[in-house]
Amino acid sequence: AEFLAGIRELVAVGDREGTLRRFMAGMPPEWFDAMRNGPQWPLFERMAPTVEADAEALAWTQSAPRAALWSSITAPAVVLLGSDAFP
């Protein structure tokens, strides 16, 4: 919820670079640096507000125990879980 609130705050004030920096926090810093300094930066910058939806999904996954969150899913599904980013 705190992560989502931070993303929403940055989106609301139009800080697109800050939004992407916060969204990518915890990832290797060189990933953001390469994105920021690459030729596609204007595209990433325009897309920045869309990460709010991803942040909402991530916040939802932490909003209750998994069994409660997934209890209404009846279709077969593959679920991947993890807690570590790439080295």
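The values are calculated or read from the model by the stated rules, or taken from the named source; none is laboratory data. Here the structure is a predicted model, which means the values were calculated and not measured. All Cβ positions, even for glycine, are placed from backbone atoms using ideal geometry, and neighbour counts span all protein chains on display. Calculation scope for accessible area: heavy atoms of the full protein, side chains included, ligands and nucleic acids excluded. Shrake-Rupley method; radii C 1.70, N 1.55, O 1.52, S 1.80 Å.
Which residue is farthest from A5 (Cα to Cα), if the candidates are limited to segment 62-79 and must be open to solvent by less than 70 Å² (accessible area, probe 1.4 Å) and in a helix (DSSP H, G or I)?
Once the filter is applied, the top-ranked residue is A68.
Within segment 1-53, count every residue that is assigned to a helix (DSSP H, G or I) and either open to solvent by less than 50 Å² (accessible area, probe 1.4 Å) or at pLDDT 95 or above (or both).
36
Return yes when A59 is within 11 Å of the chain's Cα centre (by Cα), surrounded by 10 or more Cβ atoms within 10 Å (Cβ to Cβ) and not in a helix (DSSP H, G or I) and no when it is not. Explain how you work it out, then say what you get.
Working: within 11 Å of the chain's Cα centre (by Cα): yes; surrounded by 10 or more Cβ atoms within 10 Å (Cβ to Cβ): yes; not in a helix (DSSP H, G or I): no.
Criteria not met by A59.
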